[in-house]
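The values are calculated or read from the model by the stated rules, or taken from the named source; none is laboratory data. Remember, it's a predicted structure, so these values are computed and weren't measured experimentally. Counting neighbours? That spans all protein chains shown, and the Cβs are built from the backbone with ideal geometry, glycine included. These area figures cover heavy atoms from the full protein model, side chains too; ligands, DNA and RNA do not enter into them. Shrake-Rupley method; radii C 1.70, N 1.55, O 1.52, S 1.80 Å.
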Amino acid sequence: MKRHLFAICFSAVLALFSVFFVLDTFVISKSYRSAVDMNTSMFSETTASESSKQSTSSTKSNAHSSQQQDSSSERRLGSRRAGGRTLRRSAVSDYKGTTISGSSSSESISSTDSLSSSEGNTSYQDDNVKIELTTYRVNETTVYVADVELSSAQFLKSAFANNIYGRNVTATTSSIAQANSAILAINGDYYGVQEKGYVIRNGIVYRNTAKGSDVLCIFADGSMEVVSDQEYSAEELVAKGVWQAFSFGPALVEKGSVTVGVNTEVGKAKASNPRTAIGLINKNHFVFVVSDGRTSESEGLSIYELATFLQSLGVQTGYNLDGGGSSTMVFNGVVVNKPTNNGGISERRVSDIVYI
Amino acid sequence: MYTSEKNLKLDLCWHLIAAGFLAVFGGIYELFSHGVYSGWMIFAFTVPLFLGALPYALLLHLKRTPGKAFRNLWNAGIACLSVGSVLQGVIVIYGTTNSLIIAYPIAGSILMLLGIVSECLHLPQNTAFWRLKKGKD
């Protein structure tokens, strides 16, 4: 015993430190601050002028609101806070699939009407929000696309798990969506596992430490741009009108062109995997894209395949968010894709979501 | 207290076993990592192989027996670096970061350096010991 005293003591210290390291990395939650109110002041200039131009038509059946319809999104924002929103749920039967052509992939991309939420809804519409869900089959993979048209970017929000900004503070996408009464939600950039990277949510800076990567900026005017965090500070971005900023990447499409190569890696991953991406077609017209993967039904997409698919949708700016087991899309309270986790179909707990 | 040739061979074997274990572990871990790879995980086996087994093999070949302090400190340093390499691979594959990882290479390097220093301090005595041993043989 005495002969090996040093070895035993050192081994014990090394083991204890390693256990602490693993717990600190993956388990121990650190709550840095609660999510504060949204910084909607950046919308004051754009709201009144934009809302009347971009009000969507209300042609779907089954309107069940007794509130007066108001074309001003600012007043609608106030009424949403005070007494909920006006909903019009569309009927299921008028869903249409479309065939997308012009893909650089040798396989054609086709859509199927295979979505099956519990109520069978594949679209949503009110005076400020229009959402259309479509399912595609791309490279042996099921891809879910939510086409989102908004009257104002203020309806594109983000939320933290348990409404707390911190490390290892997680919850499933569906539970975060439910807590925030989201119509549509996808997982975000899982900021909680990173120690660096800008975190700007709902106009508030939560982390201003750059990590030398592309940052997706969604502006209050409904535009989207990918910038380098070496170029602007987080505070400067908010001053420029950035409403949401995500740090995962890489940028997939910029100015309508694919910006990733065939061998582009995300965290050393070249393989096909479930993916989550967000794209901009034009101002206040977004697409949320989630693909399945790691199953017998869906292989998954590589980064390049995801980028070319976004391009085929007409996306001008596209950005990759956290994929793998995190990839989840929730619509009207129902998880519409098949998130894989620990070898089965189940949601992974994530740090944040992007939602409408 | 000096190390016998038998202990050196024992250390050499343990380092080879550790290298083999880390090679297998890294391979299996990468197999289940959904195509995400990390050099830290794949090449973790090189630490006990090139920093452990190789120096000990060299010492055996040169018929030099280092002090016990050197053995303890050097082996501890290799353990630190090996564990650090594996954990770095784990967090890279997971896609996260932790600044505490820096403790492993720092501690490992310091321990190995202390081992070398302790051996240098004992060098004249070590040489004399070997001459004495040769004389007895």
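Indicate the residues belonging to the stretch B:82-100 that lose 10 Å² or more of solvent-accessible heavy-atom surface (probe 1.4 Å) upon moving from the chain alone to the assembly of all protein chains, ignoring ligands and nucleic acids.
The answer is B:Val83, B:Leu87, B:Val90, B:Ile91, B:Val92, B:Tyr94, B:Gly95, B:Thr96, B:Thr97, B:Asn98, B:Ser99, B:Leu100 - residues whose exposure falls by at least 10 Å² when every protein chain is included.
FRET efficiency for B:Leu121 and B:Phe21, Cβ-Cβ distance as r, R0 = 45 Å, nearest 0.05?
0.85
Counting every Cα pair in chain B, what percent are over 21 Å apart?
48 percent
Select from the stretch B:30-75 all residues whose loss of accessible area on going from the chain by itself to the full protein assembly reaches 10 Å² or more (probe 1.4 Å).
Listed by number, the residues meeting the 10 Å² cut-off are B:His34, B:Gly35, B:Val36, B:Tyr37, B:Lys68, B:Asn72, B:Leu73.
Taking the Cα atoms only, what angle lies between the long axis of helix B:68-94 and the longest principal axis of chain B, rounded to 10 degrees?
Between the helix axis and the principal axis of chain B, the angle is about 10 degrees.
What list of whole percents do you get for P(r) of the stretch B:35-77, with Cα-Cα distances grouped in 5 Å bins up to the one holding the largest distance?
Computed distribution, short to long bins: 5, 19, 22, 21, 12, 8, 7, 3, 2, 0.
Cross-link list A:Lys2/B:Lys6; A:Lys196/A:Lys255; A:Lys2/B:Lys63; A:Lys157/A:Lys196; A:Lys196/A:Lys283; A:Lys30/A:Lys211: which exceed 23 angstrom alpha carbon to alpha carbon?
Where the Cα-Cα span goes over 23 Å, the pairs concerned are A:Lys196/A:Lys255; A:Lys2/B:Lys63; A:Lys196/A:Lys283.
Suppose accessible area is computed on protein heavy atoms with a 1.4 Å probe; arrange B:Ile102, A:Ile131 from highest to lowest.
B:Ile102, A:Ile131
For helix B:103-121, report the angle its Cα long axis makes with the longest principal axis of the Cα atoms of chain B; keep it between 0 and 90° and round to the nearest 10°.
Orientation of helix B:103-121: about 10 degrees from the principal axis.
Relative contact order for chain B: what is it in percent, counting Cα pairs under 8 Å that are at least 6 residues apart?
28 percent
For the pair A and B, how large is the buried accessible area, both sides, in square angstrom to the nearest 100, if the probe is 1.4 Å?
2200 Å²
How many angstrom lie between the C-alpha centres of the stretch A:162-223 and the stretch B:48-101?
The stretch A:162-223 and the stretch B:48-101 have Cα centres spaced 39 Å from each other.
Okay, helix-only estimate at 222 nm for chain B: each DSSP H run of n ≥ 4 adds -39500 (n - 2.57), divide by all residues, round to 500 deg cm²/dmol; what do you get?
That comes out to -24500 deg cm²/dmol.
Only protein chains counted, 1.4 angstrom probe. Which residues of the stretch A:164-212 are at least 30 Å² less accessible in the assembly than when their chain is isolated?
A:Val193, A:Gln194, A:Glu195
What angle do you read, to the nearest 10 degrees and between 0 and 90, between the alpha-carbon axis of helix B:123-136 and the longest principal axis of chain B?
60 degrees
What is the spin-label model distance, in nm, from A:Asp24 to B:Leu113 if the labels are put 7 Å beyond Cα along the C-beta direction?
2.1 nm
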